[in-house]
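The values are calculated or read from the model by the stated rules, or taken from the named source; none is laboratory data. Please read all numbers here as calculations on a predicted model, not as lab measurements. Neighbour counts run over all protein chains shown; Cβ positions are idealised from the backbone, glycine included. When the accessible area is computed, the model is the full protein with side chains, heavy atoms only, and any ligands, DNA or RNA have been set aside. Shrake-Rupley method; radii C 1.70, N 1.55, O 1.52, S 1.80 Å.
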Amino acid sequence: MIVKALRVGLGQLIVFLDWISRPSKLKRDAAAQARVEQQAKGLSLYQFHACPFCVKTRRTLHRLNVPVTLRDAKNNEQDRQALLEQGGRIKVPCLRIEEDGKTTWMYESKVIIEYLNQRFSAA
């Protein structure tokens with residue numbers, strides 16, 4: 001019980017620290033931002049709200065100004081089932097990428113962040 005309370009408290013502290021230290025959004029002209037938003041329509045991030053690796057990934061999305069649908073794989077049973085059945089396992093963060101009629105499930109925050117930086121830094 002104490003371990004769970006400690007984990008919940010630390011998770012909330014991580015979320016709070018993220019909120020007060022959030023990086024500035026990347027500024028683009030309106031046409032470039034519209035292209036980013038169009039490209040981001042095929043992306044969904046399966047995550048737990050207080051997971052440190054998920055927070056790190058969401059910070060990158062915020063910094064790159066990429067609007068992505070967030071899926072709560074902890075508290076939403078449908079999102080959790082989709083992650084398990086379609087992605088193959090319940091592990092977060094997981095970026096679901098739908099492009100050209102195929103779906104890719106990308107795990108590991110480091111890999112996701114590298115993908116996002118490559119795809120959206122110069123966009």
*asked:* Here is a check on your reading of the model: is L70 open to solvent by 20 Å² or more (accessible area, probe 1.4 Å) and closer than 23 Å to I20 by Cβ?
replied: yes
*Output yes when any residue across region 109-117 is under 19 Å from R35 (Cβ atoms) and part of a strand (DSSP E or B), and no when none is.*
no
*List the number of the failed condition for N65; all other conditions in (1) at pLDDT 95 or above; (2) open to solvent by 60 Å² or more (accessible area, probe 1.4 Å); (3) farther than 29 Å from K4 by Cβ hold.*
(2)
*asked:* As an exercise: evaluate R59 against (1) in contact with a helix residue (DSSP H, G or I) (Cβ under 8 Å, 6 or more places away or on another chain); (2) open to solvent by less than 50 Å² (accessible area, probe 1.4 Å) and give the number of the one condition it does not meet.
replied: (2)
*Can you give me the number of residues within region 108-123 that are modelled with pLDDT of 95 or more and surrounded by fewer than 16 Cβ atoms within 10 Å (Cβ to Cβ)?*
6
*Scan of region 2-56 for residues that are surrounded by 16 or more Cβ atoms within 10 Å (Cβ to Cβ), over 15 Å from the mean Cα position of the chain (by Cα) and not in a loop (DSSP other than H, G, I, E, B), ordered by number*: G11, I14, Q33, V36
